[in-house]
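Participant: First, the structure itself, so that you have it in front of you.
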Amino acid sequence: MTDCLFCKIIRHEIPASIVYEDDRILAFNDINPQAPTHVLVVPKRHIATLNELSPEDDQIVGELVRRAAAIAKERGISAGGFRTLFNTNREAGQTVFHIHLHLLGGRTMHWPPG
Ligand code: 5GP
Ligand code: ZN
């Protein structure tokens, strides 16, 4: 999508600190990290929110989750623990309307989230 921030990052029109890339997925460091590891894992295909997912997206969602776990393993935070989450729409605090899996780790997480 032309004016989507994350689509621009995917097209390399806006710089980002890229952690992983293949033909379907991009992972990059969050610009405002909330933990020592804060990576966003996104599908290259524009999907605005989880509400727009269709059964054909099951594969890509699985890939996002497995990629987040792989990055956590690379960073040495798998055993200690990490958090993965999608924010959906206003009440959850979604600010960029291109789905992104947050991978947070490297510190103790608290529950419930704010
Ligand atoms: P949301 O609030 O939609 O779940 O998460 C959006 C995330 O994108 C936020 O954590 C925010 O810091 C991050 N973000 C916003 N703009 C940029 C940007 O230009 N570059 C990068 N790397 N992250 C961004
Ligand atoms: Zn997009």
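The values are calculated or read from the model by the stated rules, or taken from the named source; none is laboratory data. Keep in mind that this is a model prediction, so the values were computed, not measured. Here the Cβ positions follow ideal geometry from the backbone for every residue, glycine too, while neighbour counts run over all protein chains shown. Note: areas computed on protein heavy atoms with side chains; ligands, DNA, RNA excluded. Shrake-Rupley method; radii C 1.70, N 1.55, O 1.52, S 1.80 Å.
Participant: Out of region 18-41, which residues are open to solvent by less than 10 Å² (accessible area, probe 1.4 Å), free of Cβ contacts under 8 Å to residues at least 40 places away in the same chain and within 18 Å of Gly76 (Cα to Cα)?
Facilitator: Scanning region 18-41 gives a single hit, Phe28.
Participant: Residue check, Ala27 against (1) within 16 Å of ligand 2 (Cβ to nearest atom); (2) within 18 Å of Thr88 (Cα to Cα), all met but one. Which one?
Facilitator: (2)
Participant: Going residue by residue through region 62-79, is there one that turns out to be part of a helix (DSSP H, G or I), within 16 Å of ligand 2 (Cβ to nearest atom), crowded, with 16+ Cβ neighbours inside 10 Å and within 16 Å of the chain's Cα centre (by Cα)?
Facilitator: Yes, the conditions are met somewhere in region 62-79.
Participant: Any idea which of Pro43, Pro55, Pro36 is more than 14 Å from ligand 1 (Cβ to nearest atom) and under 21 Å from Pro113 (Cα atoms)?
Facilitator: Among Pro43, Pro55, Pro36, only Pro36 is more than 14 Å from ligand 1 (Cβ to nearest atom) and under 21 Å from Pro113 (Cα atoms).
Participant: Find all pairs meeting these conditions: Cβ atoms under 6 angstrom apart; at least six residues apart or on different chains; first residue within region 44-67 and in contact (Cβ under 8 Å) with a residue 24 or more places away in the chain; second residue open to solvent by 60 Å² or more (accessible area, probe 1.4 Å) and basic (Lys, Arg).
Facilitator: Lys44/Arg24
Participant: Going residue by residue through region 95-111, is there one that turns out to be aromatic (Phe, Trp, Tyr) and more than 27 Å from Ile47 (Cα to Cα)?
Facilitator: Yes, because at least one residue in region 95-111 is aromatic (Phe, Trp, Tyr) and more than 27 Å from Ile47 (Cα to Cα).
Participant: Select from region 1-24 the residues that are near ligand 2 (Cβ under 10 Å from one of its atoms) and either within 26 Å of Met109 (Cβ to Cβ) or not charged (D, E, K, R) (or both) and list them in ascending order.
Facilitator: Met1, Thr2, Cys4, Leu5, Phe6, Cys7, Ile9, Ile10
Participant: How many residues are in contact (Cβ under 8 Å) with a residue 24 or more places away in the chain and either open to solvent by less than 30 Å² (accessible area, probe 1.4 Å) or out of contact with any Cys (no Cβ under 9 Å at 6 or more places or on another chain) (or both) when one looks only at region 86-112?
Facilitator: 16
Participant: Could you check, for region 46-57, whether at least one of its residues is of a type in the set (Gly, Ala, Ser) and more than 14 Å from ligand 2 (Cβ to nearest atom)?
Facilitator: Taking every residue of region 46-57 in turn, at least one turns out to be of a type in the set (Gly, Ala, Ser) and more than 14 Å from ligand 2 (Cβ to nearest atom).
Participant: Please work out which one of (1) under 25 Å from Pro112 (Cα atoms); (2) open to solvent by less than 40 Å² (accessible area, probe 1.4 Å); (3) out of contact with any Pro (no Cβ under 8 Å at 6 or more places or on another chain) is the condition Phe6 fails and give its number.
Facilitator: That leaves (1) as the condition not met.
Participant: Look through region 50-61, keep the residues that are over 13 Å from the mean Cα position of the chain (by Cα) and open to solvent by 40 Å² or more (accessible area, probe 1.4 Å), and return whichever of them is nearest to Trp111 (Cα to Cα).
Facilitator: This residue is Asn51.
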